[in-house]
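Here the structure is laid out as structure tokens; the discussion comes afterwards.
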Amino acid sequence: ETLQRIVSTLVNKNDEIHNFIDMLNHTISNVQVNSSNAISELDEEFDGLYSVLHEMKGSMANTIQQEEARKIQALQDQLSQCSHALESSEELLELAVQSLDIKNPVELLEAARQIKDSVTVASAFRLSLKPKVSDSMTHMMVDFALEKRMLQAVKFLPVPKAPEIDVAACLVADNCITISWRMPEEDSRIDHFVLEYRKTNFDGLPRLKGEQCWELVDYIKATQYTLSGLKFDTKYMNLRVQACNKAVAGEYSDPVTLETKAFVFSLDSTSSHLNLKVEDTYVEWDPTGGKGQEKIKGKENKNRSNTASPKRSMNSPRASARGGRDRFAGESYTVLGDTAVESGQQYWEVRAQKDCKSYSVGVTYRNPGKFDQLGKTNSSWCIHINNWLQTTFSAKHNNKAKTLDIPVPDRIGVYCDFDGGQLSFYNANSKALLHTFRTKFTQPLLPGFMIWCGGLTVSTGLQVPSAVKTLQKSENGLGGSTSSLNNVA
């Protein structure tokens, strides 16, 4: 025995080392790929920077050229005006010089008067002999000293540190997981967080082989997030978080594994009444008496044969729950769950179609009689709804019924505390208590369902709702009310 334990320990350790080697090889490959990606992204960033600088250079050079053209045009216009004025002035000067040779005083006086009038309006005397624009282009100079210093200071953006998941603040309840984390130090550059999770049946660190893919929730702004609407069809959930700034994501936090174990079962079609169509978690009344049941909803119902599925050996809880029991018959329109409650606190829910005439929801010991009905034996407990002619709502056990004077909910929650000897039914929407049986369970319990006209849908893999837990604590603290139908079985 000692040697067997040593061998088992060595096998487990070898598996762990193999998994770790695979993880290291996978990490090396990722480092190479991520390094190439980082270089490619760096090239893109610098190419983008070069493109921006080239565009800016072209734009600024174009502005300088426009300023040059504006100044030259202004100076050329002024030069043209000066040339025209000079030409007119030279003509007037020549005329004045010629007038000095006139001998006739009257003619000289008239010529002088004309020259004087011409000089008065001459453009040469209205010209500004100062250039309209300067030849300086200093206002078009740039100083990149600051920008150079900024570019020289460019470094890799600091990678955010890995967040730390606060396991004590994490909560698993009501088919939801609330996960909380914190940063090891304050980082104002954090833009958002990324959460990844996946289901697993291993309670240790995530394994490289044989695991489901990570599912991702991106752009979380807070340091807490609630995953809702989950189905806990595995025992655990791996979770990890990473912080991201505007450009880069940090390392993932150390993954944590939260226990999400819940009661999961399907309906046992191999022993259901022939008037019932059964598929996984759905059962429907079939007035044809089982004819044509081989196909349900367009699929072959392979579980209809009495031969157990090869995927479920007779050593499994589901196979042992069935045993070799015959189908229900007569007016016992019953189907049982394929997995037994043997310990702990379990919870499941049932929704009835609106056209259901009569149905029962409860539990029973294994191997009931083929003609037994839920609640009519001392080994089964249920609540019964009858919508035929008028609605009646009652709790049944050992062929005794207690009328429940409350509205019938459209969804019923079943809470079974096997070790505490308690079976409670709830309005699954409001979590209001409908009825409680108290007893001492001496055998494993199978979920049971009876239906006539209509259909039932069963939801399994559910956590015990926190509201139900609170009601149970309150009821147990007050001693609880004992129904007249309760007994010690």
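Okay, here's what the table says:
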| item | result |
| --- | --- |
| Residues that are under 35 Å from the mean Cα position of the chain (by Cα) and surrounded by 12 or more Cβ atoms within 10 Å (Cβ to Cβ), drawn from segment 418-430 | SER424, PHE425, TYR426, ASN427, ALA428, ASN429 |
| Which listed residue is over 17 Å from the mean Cα position of the chain (by Cα), in contact (Cβ under 8 Å) with a residue 60 or more places away in the chain and in a loop (DSSP other than H, G, I, E, B), from ASP254, ASP203 | ASP254 |
| Answer residue from segment 93-134, given it is within 30 Å of ASP77 (Cβ to Cβ) and β-branched (Val, Ile, Thr) and is surrounded by the most Cβ atoms within 10 Å (Cβ to Cβ) among those | ILE115 |
| Complete set of residues in segment 435-469 that are under 23 Å from TYR282 (Cα atoms), open to solvent by less than 20 Å² (accessible area, probe 1.4 Å) and not in a loop (DSSP other than H, G, I, E, B) | LEU445, LEU446, PRO447, GLY448, PHE449, ILE451, GLY455, LEU456, VAL458 |
| Selected residue (criterion: nearest to GLY344 (Cα to Cα)) from residues of segment 267-289 that are part of a loop (DSSP other than H, G, I, E, B), hydroxyl-bearing (Ser, Thr, Tyr) and open to solvent by 20 Å² or more (accessible area, probe 1.4 Å) | THR281 |
| Criterion (in contact with a helix residue (DSSP H, G or I) (Cβ under 7 Å, 6 or more places away or on another chain) and open to solvent by less than 70 Å² (accessible area, probe 1.4 Å)) met by exactly one of TYR415, TYR359 | TYR415 |
| Only one of ILE385, ILE406 that is open to solvent by less than 60 Å² (accessible area, probe 1.4 Å), touching a residue at least 12 places away in the same chain (Cβ under 8 Å) and of a type outside the set (Asp, Glu) | ILE385 |
| Output for segment 15-58, where each listed residue is among the polar types (S, T, N, Q) and open to solvent by 80 Å² or more (accessible area, probe 1.4 Å) | ASN25, GLN32, ASN34 |
| Enumeration of residues in segment 100-121 that are part of a helix (DSSP H, G or I) and either under 60 Å from the mean Cα position of the chain (by Cα) or charged (D, E, K, R) (or both) | GLU107, GLU110, ARG113, LYS116, ASP117 |
| Single residue of segment 204-220 satisfying the filter (within 20 Å of TRP181 (Cα to Cα) and at pLDDT 80 or above) that is most open to solvent (accessible area, probe 1.4 Å) | TYR219 |
| ALA162 being closer than 30 Å to GLY461 by Cβ, open to solvent by 30 Å² or more (accessible area, probe 1.4 Å) and at pLDDT 90 or above | no |
| Any hit, segment 10-29, residues being assigned by the TED database to the domain that holds ARG126 and of a type in the set (Gly, Ala, Ser) | no |
| Residue match in segment 15-24 (condition: of a type in the set (S, T, N, Q) and free of Cβ contacts under 8 Å to residues at least 40 places away in the same chain) | no |
| Search result, residues across segment 353-368 that are within 37 Å of the chain's Cα centre (by Cα) and either part of a loop (DSSP other than H, G, I, E, B) or at pLDDT below 95 (or both) | GLN353, LYS354, ASP355, CYS356 |
| All positions within segment 369-415 that are part of a strand (DSSP E or B) and closer than 14 Å to SER358 by Cβ | CYS382, ILE383, HIS384, ILE385, ASN386, THR392, PHE393, SER394, LYS396, ALA401 |
| Lone unmet requirement of (1) at pLDDT 50 or above; (2) open to solvent by 20 Å² or more (accessible area, probe 1.4 Å); (3) more than 34 Å from the chain's Cα centre (by Cα) for GLN346 | (3) |
| Matching residues, segment 324-343, being of a type in the set (Gly, Ala, Ser), within 18 Å of ASP419 (Cβ to Cβ) and open to solvent by less than 20 Å² (accessible area, probe 1.4 Å) | ALA340 |
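Each row is one residue, and each column tells you yes or no for (1) charged (D, E, K, R); (2) open to solvent by less than 80 Å² (accessible area, probe 1.4 Å); (3) assigned to a strand (DSSP E or B); (4) in the same structural domain as ALA222 (by the TED database).
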| site | (1), (2), (3), (4) |
| --- | --- |
| HIS139 | no, no, no, no |
| ASP143 | yes, no, no, no |
| LEU146 | no, no, no, no |
| ARG149 | yes, no, no, no |
| VAL172 | no, yes, yes, yes |
| THR178 | no, yes, yes, yes |
| GLU186 | yes, no, no, yes |
| ARG189 | yes, no, no, yes |
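The values are calculated or read from the model by the stated rules, or taken from the named source; none is laboratory data. Remember, predicted model here, so these are calculated numbers, not experimental data. A quick note on method: Cβ atoms are made from the backbone with ideal geometry, for glycine too, and the neighbour counts reach across all protein chains shown. Ligands, DNA and RNA are excluded from the accessible area calculation, which covers all protein heavy atoms including side chains. Shrake-Rupley method; radii C 1.70, N 1.55, O 1.52, S 1.80 Å.
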